[in-house]
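The values are calculated or read from the model by the stated rules, or taken from the named source; none is laboratory data. This structure is a prediction, so every number in the text was calculated from the model and none was measured. Cβ placement follows ideal geometry from the backbone for every residue including glycine, while neighbour counts extend to all protein chains displayed.
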Amino acid sequence: MAVPARTIARFGVAALAVAGMAGVTLAFRPPPPPEQPVPFSHAIHAGELALDCRFCHWAVETGPHAGMPDMETCAGCHWPVATRPVPERLSWVRVARLPGFAYFNHAVHIAADVACATCHGEVAAMTRTRAPDQPWTMLFCLECHRARQEPAHGTGRLTNCYACHR
Ligand code: HEC
Ligand code: HEC
Ligand code: HEC
Ligand code: HEC
Ligand code: HEC
């Protein structure tokens, strides 16, 4: 039986689109770390000095956002020796962000023992903070949610669209 030309055309286009997407996925590299207002290093502070992540991102266990530290958090160690005035709040360039239509909550993940590195990579080893190697696709979130679903969660609580799109 002859395959209608329109079907061939459509499949051809689909195959090209899939090949194109695979190319993009294979070629994915996180962008290089952005220039920050101050050259902050997690490798020094969270690595060498072994400061707990929560020392600076103190809201990570209690709310949806981890939060970015203000200058008071740095002052104990840096202000006495600062050689130039430091503004109260620096505008850090963000590297880890979801599109606005996807909802995320840190506290529930920390309470469920999901390590920071699972999503952010080895931040404590980064001299300059960069985006995670694993892009935050919907599948990245869903794969773990499917695996971690428990009867106690109720039918589909973690996989239902409204969990992340509210
Ligand atoms: C399950 C994945 C996951 C885990 C585990 C996780 N994060 Fe995040 N983190 C995210 C996502 C997603 C965002 C972006 C949220 C957004 O844009 O709405 C984010 C954003 C951030 C930000 C930017 C500021 C903010 O509040 O949005 C910081 C800082 C941060 N995380 C620190 C941490 C630290 C510290 C830990 C461990 C104590 C941690 N994260 C654990 C996924 C995770
Ligand atoms: C517990 C003390 C402590 C705190 C808190 C702290 N720092 Fe540091 N910081 C240090 C030490 C120690 C060094 C290493 C000094 C050196 O190598 O000369 C350092 C180095 C730095 C450097 C130089 C980095 C480089 O690559 O040479 C910058 C910039 C910096 N800190 C910014 C910050 C900022 C911003 C904060 C707050 C978010 C902060 N620090 C909080 C102790 C601290
Ligand atoms: C001394 C304070 C300090 C400590 C300790 C610290 N951070 Fe940070 N963190 C910062 C500052 C300042 C920034 C913004 C500058 C930058 O991106 O390097 C930041 C940025 C981040 C970001 C990027 C958020 C975004 O959207 O751009 C992540 C993720 C993060 N921290 C995770 C962690 C994790 C995980 C730990 C523990 C292993 C940790 N931090 C420990 C001060 C700290
Ligand atoms: C490594 C595992 C893992 C990854 C990756 C992960 N999550 Fe979760 N997430 C969980 C677990 C476990 C829970 C349930 C905690 C509980 O209530 O017991 C959860 C709960 C949630 C909740 C609360 C659901 C509710 O209704 O209570 C939201 C929202 C959420 N995750 C969004 C995300 C998003 C968005 C991503 C991707 C950026 C993500 N998660 C990645 C493990 C993960
Ligand atoms: C565990 C969290 C989670 C669940 C559950 C989830 N999504 Fe998503 N979804 C995301 C995240 C995160 C993104 C953003 C991904 C990105 O930026 O690449 C996204 C993106 C999307 C997009 C935009 C796709 C695009 O290419 O831009 C659509 C449409 C969507 N989701 C629909 C759904 C539907 C329908 C369901 C239910 C069947 C669902 N999602 C369940 C986390 C989730």
Selected residue (criterion: modelled with the lowest pLDDT) from residues of the range 128-147 that are near ligand 4 (Cβ under 9 Å from one of its atoms) and in a helix (DSSP H, G or I): ALA147
Exactly one of these conditions fails for ARG130: (1) within 16 Å of ligand 2 (Cβ to nearest atom); (2) surrounded by fewer than 17 Cβ atoms within 10 Å (Cβ to Cβ); (3) not hydrophobic (A, V, I, L, M, F, W, C). Give me its number. (2)
Under 7 Å between Cβ atoms, which residue pairs at least 6 apart in sequence (or on different chains) link something in the range 125-151 that is hydrophobic (A, V, I, L, M, F, W, C) with a partner that is near ligand 4 (Cβ under 8 Å from one of its atoms)? TRP136/LEU98; CYS141/CYS164
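Residue by residue, here is whether (1) within 14 Å of ligand 1 (Cβ to nearest atom); (2) more than 24 Å from TRP136 (Cβ to Cβ) holds:
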position: ARG29; (1), (2): no, no
position: PRO32; (1), (2): no, no
position: GLU35; (1), (2): no, no
position: ALA46; (1), (2): yes, no
position: TRP58; (1), (2): yes, no
position: GLY63; (1), (2): yes, no
position: GLY67; (1), (2): yes, no
position: GLU72; (1), (2): no, yes
Of the residues in the range 52-66, how many are assigned to a loop (DSSP other than H, G, I, E, B) and surrounded by fewer than 16 Cβ atoms within 10 Å (Cβ to Cβ)? 8
Regarding ARG29, is this residue at pLDDT below 90 and either within 16 Å of ligand 5 (Cβ to nearest atom) or within 16 Å of ALA96 (Cα to Cα) (or both)? yes
